[in-house]
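Peer 1: First the structure, then my questions, so here it is.
The values are calculated or read from the model by the stated rules, or taken from the named source; none is laboratory data. Quantities reported herein were computed from a predicted structural model and do not represent experimental measurements. With ideal geometry, Cβ positions are generated from the backbone for all residues, glycine too; neighbour counts draw on all protein chains shown. Areas reflect the complete protein model, heavy atoms only, side chains present, ligands, DNA and RNA absent. Shrake-Rupley method; radii C 1.70, N 1.55, O 1.52, S 1.80 Å.
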Amino acid sequence: MSTDVSRQGRILSAEIVRFTRRSARRYRRSRSSLGDRFVDAYSWGLGIGVSLTIAASFVLALRNEIAGRASTSGSIVREQWLVLPEPVLWTCLTFVVLLAVGNLAGKLGPLAVNGPESSWWLPLPLDRRPMVLPPFLRKTALAAAGSVIAYVAFSMVTAADRNPLEHLCSALTFGAAAVIAVVMAAFKQLGLLGRWTGRIVSAALLAACSAATLISASPWPAALAAVVAVGLAAVVGPRAGRVAGEELVRGGAVAGHAGASLFMMDSNEVLRALGAGRKKVDGGRAARFYTRPPRGPLGALIRADVVAFLRLNPPLVPPVMWFAGSVALLLVEGGLPGFVQLAVLVIAGCATASGMATVSRKTAMLPEIDALLPLHPALVRISRMLMPCLAMAAWMGLLSVVLVSLGASTPALIAVGAMAGIGMGAGSIRAAIRTQPDWSAPPVETPFGPVPRAQLGSLLRGLDVTILAMIPLMVALYLGYVPSLVAGAQLVFSAGIVLVVALSRPKHS
Amino acid sequence: MGTVLEVENLSVGYAGDPVCGEVSASVAAGEVLGIVGVNGAGKSTVARTIAGRQSPLAGDVKVNGLLIDPDAVPFRRQVAAVFDDDLFFPSLTVREHLLLIARGHSLENPETRVDEELEFFGLLGRAHAIPDALSSGQRRRLLLAAGLIRPSSILILDEPEQRLDPRMRVAVGARIAEHADQGGAVVLVTHDPQLLLAIASTCLVIGDEVRELDPEHGASVISGS
């Protein structure tokens, strides 16, 4: 009897979902002509085609560059006290990427509902499975397809000796591994495994898939990984309706915020979206430090900013991963081309710096609070820069120590690296306090179509000075020693960036 | 009449910090419990917790003798709640939103029931409009219609008078009273002393300390006298 009732509930639930989708589709069709739809399809097709062509030419160029390189020639590293065989490096990299896929899936919630669905579907006395399962399957399929395409490109660069079928087999293994990562995130939402058990099982499965992807290019690892992925999905499928409503809403809110921010090309908002969610603020951390009487309003503000930085739990894993990843790439057998190594260092530096400005990213949403303080806005900005600058100086200093020990440059590089870190910390604040472009302003015509005015400027704000702060350091690495001119330039660049960020007055829309 | 809602030593709040004193109350079928208090006292938090929208810090909430579980189908069937969540499907019309609720609750003659609600809430002329095209007050009417079209043992309303014109306030008050007369229990968070006096059976004043008063005294608390 109860099974019958539950079946009826599921049928009704599926009908509700169909009714909503059908109505939405009818509305959209009523608002767009056949011509509009053709233009949309044409634009999408053209956009995807152009992107794929650019990506393919980049991959082929990089492949030729790597295949034709002479051993260790052009590398910025001169003393490889540890040589990482290439397969080990690529396996580790694959593993890290799969962990990142799983982590991202956990934040976005593979099983989720959006805002209107949470208000209108979830309170209905029906089985929620038909509401959450189809989007889950779509997301999983999307993750698989995207991973396969991305891995084909990666495989063509890192395994030049493989034939097209072998590239495809490796990519299919990786695609199945990505599905496992997403499904394991759903396991977590369902609470099917304990917190640590889930993490260990997930890491073990992904590690095995990473090794299988690299070691063997035969169809068997792909088939095995696909069987595991489908098996795990089959466990989640029947239970999908049991995820707590609160968790469904959380995942949907984060995914909606992140998706809208991506659509608006606002990387700042993407970071805000991904920084929200389950993370708990540690309200007790540094409480004793905060209660000590400060000297004047600036002292009070600095103290508040330091405590806020510590309490907002600046994530430790990404900086450590970027650090380890960049060092590993320097130690790879045969050596990557110098420009690739430098590019990796710049990317790692920018990615690490972007995570340091959590406090500014949050306070930027309420500029009125800062305006209440009896302090010049430049002093407020300097106070906000303090912790990100210190953290980035430490990170870059440590990276420089490793680079010096690898013979990349002279010990003076450590001071240059720390100085660069200060500029990069300031750059992260510039990125965090940037305002959105004015969408109401008429767009600028470009060969790629109309682009919102100041869109690119807003996108690059912060990233521009973060990269600028790294230029003298990169020059020193390229030269292999630190000329005094370069050290002086680093000092001027970093001090200049700090001043520019402190004195800039972003407009508030 | 039997007790529908039982609240025992309920503590509500955010990140482990309670926003008001502990709440204990019970509402029988046919009764209307008014909840009043100053801004920020925690009225809506109490209502959201009773409706299962957020977890209690401590204490129990039972509906018809069972602890609340917002993910359980029987709970969702028994509890109707209307909060100020302005979330709508952007491409579903007013009528389609109500039809979704009517069908989801397996109402008989859903089309007719939807038309009745549209007429009552003065939305008949806007039945085919999407929510974005509605005024703020009309969107509020739509939310109230969605809460009242469906059957429920307990109806939880968070400031239903907000954004409504005086005539609609009176009409909504009458509908809530009618729901109670038909054996439904009601939890009503309000800042409107007239609405409270017209329909509430008892009243909770939320603050650092939670007090139970009769509606006359509750209304004077709202008025600040």
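Peer 1: Taking only DSSP H segments of four or more residues, each worth -39500 (n - 2.57), what value at 222 nm results for the protein assembly as shown once the sum is divided by all its residues, to the nearest 500 deg cm²/dmol?
Peer 2: On the way: 29 runs with 457 residues, N = 734.
Dividing the helical sum by the residues of the protein assembly as shown leaves -20500 deg cm²/dmol.
Peer 1: Sorted from largest down, give the three principal axis spans of the alpha carbons of region A:369-412, whole angstrom values.
Peer 2: Computed over the Cα atoms, the extents are 51, 14, 8 Å.
Peer 1: Tell me the net charge near residue A:359. Cut-off is 10 Å between Cβ atoms, residue A:359 excluded, with +1 for each Lys or Arg and -1 for each Asp or Glu. Before the final figure, lay out the partial values.
Peer 2: On the way: positive: A:311, A:361, A:362, A:384; negative: A:305.
Neighbourhood net charge equals +3.
Peer 1: Let me ask something else. If you plug each phi of region B:87-98 into the Karplus form 6.51 cos²θ - 1.76 cosθ + 1.60 with θ = phi - 60°, what whole-Hz ³J(HN,Hα) values come out, in order, with x for Gly and Pro?
Peer 2: Computed from phi, the couplings for region B:87-98 are 10, 9, 5, x, 10, 9, 6, 4, 4, 5, 4, 5 Hz.
Peer 1: Can you compute the FRET efficiency between residue A:351 and residue A:201 using 1/(1 + (r/R0)^6), with r the Cβ-Cβ distance and R0 = 22 Å? Round to the nearest 0.05. Kindly include the intermediate steps, with their values, before the conclusion.
Peer 2: On the way: r = 28 Å, r/R0 = 1.27.
With R0 = 22 Å, the Cβ-Cβ based efficiency is 0.20.
Peer 1: Sorted by packing (mean other beta-carbon atoms within 10 Å per residue), highest first, where do B:73-84, B:104-115 land?
Peer 2: B:73-84, B:104-115
Peer 1: When only Cα pairs under 8 Å and 6 or more residues apart are kept, what is the percent relative contact order across region B:3-223? Walk me through the numbers before you get to the answer.
Peer 2: Working: 423 pairs, mean separation 66.7, N = 221.
Here the relative contact order equals 30 percent.
Peer 1: Can you list, bin by bin at 10 Å, the percent of alpha carbon pairs in chain A, starting at 0?
Peer 2: Whole-percent P(r) values from 0 Å outward: 4, 15, 23, 27, 20, 9, 2, 0, 0.
Peer 1: Starting from the coordinates of the alpha-carbon atoms of region A:1-154, obtain the Kirkwood hydrodynamic radius over all distinct pairs and give the value in Å to one decimal.
Peer 2: Values: mean 1/r = 0.0479 Å⁻¹.
20.9 Å is the Kirkwood radius here.
Peer 1: Where nothing but the Cβ of Lys and Arg (+1) and of Asp and Glu (-1) is charged, how large is the charge dipole of the protein assembly as shown around its Cα centre, in debye to the nearest 20?
Peer 2: Values: 65 positive and 54 negative charges, 317 e Å.
It comes to approximately 1520 debye.
Peer 1: Also, I was wondering about something else. Considering the options B:135, B:182, B:36, tell which one lies farthest towards the positive end of the dipole of region B:3-223, charges being +1 on Lys and Arg and -1 on Asp and Glu at the Cβ, about the Cα centre.
Peer 2: Of the options given, the answer is B:135.
Peer 1: Assuming R0 = 30 Å, can you tell me the calculated FRET efficiency for the pair residue A:7 and residue B:128, based on Cβ-Cβ distance, to the nearest 0.05? Could you put the intermediate results ahead of the total?
Peer 2: Working: r = 34 Å, r/R0 = 1.13.
Efficiency for this residue pair is about 0.30.
Peer 1: Buried by at least 30 Å² relative to the chain on its own: which residues of region B:80-99 qualify, computing accessible area with a 1.4 Å probe on protein heavy atoms?
Peer 2: B:87, B:89, B:91, B:92, B:96
Peer 1: What percentage of the solvent-accessible surface of the protein assembly as shown, computed with a 1.4 Å probe over protein heavy atoms, is contributed by carbon and sulfur atoms?
Peer 2: Working: 22870 of 35200 Å².
The value for the protein assembly as shown is 65 percent carbon and sulfur by accessible area.
Peer 1: Quick check on region B:1-52: take the gyration tensor over C-alpha atoms, sort the square-rooted eigenvalues as a ≥ b ≥ c, and tell me if it's rounded (a/c under 1.5), prolate or oblate.
Peer 2: The shape class here is prolate.
Peer 1: Please give the per residue accessible area of region B:3-223, computed with a probe of 1.4 Å over protein heavy atoms only, in Å². Please list the in-between numbers first.
Peer 2: Working: 9060 Å² over 221 residues.
For region B:3-223, the solvent-accessible area averages 41 Å² per residue.
Peer 1: Please compute the modelled spin-label separation between residue A:230 and residue B:67, points set 7 Å along Cα→Cβ, answer in nm with one decimal.
Peer 2: Calculated label separation equals 4.1 nm.
Peer 1: Which of the pairs A:188/A:362; A:362/B:43; A:188/B:62; A:362/B:62 have their Cα atoms more than 31 Å apart in this structure?
Peer 2: Details: A:188/A:362 28 Å; A:362/B:43 28 Å; A:188/B:62 29 Å; A:362/B:62 38 Å.
A:362/B:62, as the Cα separations exceed 31 Å there.
Peer 1: With point charges of +1 on the Cβ of Lys and Arg and -1 on the Cβ of Asp and Glu, referenced to the Cα centre of region A:193-307, which listed residue (A:237, A:226, A:300) lies farthest in the positive direction of the dipole?
Peer 2: Farthest along the dipole direction, towards plus: A:300.
Peer 1: For the pair A and B, how large is the buried accessible area, both sides, in square angstrom to the nearest 100, if the probe is 1.4 Å?
Peer 2: Values: alone 26890 and 10590 Å², together 35200 Å².
Approximately 2300 Å², summed over both chains.
Peer 1: Now for a different question. Between residue A:492 and residue B:58, what's the calculated FRET efficiency when r is the beta-carbon distance and R0 is 60 Å? Round to 0.05.
Peer 2: Once the sixth-power term is evaluated, E becomes 0.55.
Peer 1: Looking only at region B:3-223, where both bridge partners belong to it, what percent of the DSSP beta bridges are antiparallel (to the nearest 5)? Provide the component values of the computation, followed by the final result.
Peer 2: Working: 17 of 34 bridges.
Here the share of antiparallel DSSP bridges comes out near 50 percent.
Peer 1: If the viscosity is 0.890 mPa s and the temperature 25 °C, what translational diffusion coefficient in µm²/s does Stokes-Einstein give for region B:3-223 when Rh comes from Kirkwood over Cα pairs?
Peer 2: Details: Rh = 17.7 Å.
Answer from the Stokes-Einstein relation: 139 µm²/s.
Peer 1: Hey, another quick one. What longest range of chain A stays clear of loop-exposed chymotrypsin sites (Phe, Trp or Tyr not before Pro) (DSSP non-H/G/I/E/B, at most 12 other C-beta within 10 angstrom)? If you can, show how the numbers build up before the last one.
Peer 2: Working: sites that count: A:81, A:439, A:448, A:481.
Within chain A, the longest run free of exposed chymotrypsin sites (Phe, Trp or Tyr not before Pro) spans A:82-438.
Peer 1: Would you give the gap between the C-alpha center of region A:93-134 and the C-alpha center of region A:144-179, rounded to a whole Å?
Peer 2: The two parts, judged by their Cα centres, are 26 Å apart.
Peer 1: Moving on. Counting only C-alpha contacts under 8 Å and six or more residues apart, can you give the relative contact order of chain A as a whole percent? Display every interim value, and only then the final one.
Peer 2: On the way: 654 pairs, mean separation 78.4, N = 509.
Rounded, it is 15 percent for chain A.
Peer 1: Moving to a separate point now. Rg and Dmax in Å for region A:117-179, alpha carbons only: what are they?
Peer 2: Cα radius of gyration and Dmax of region A:117-179 are 17.8, 58 Å respectively.
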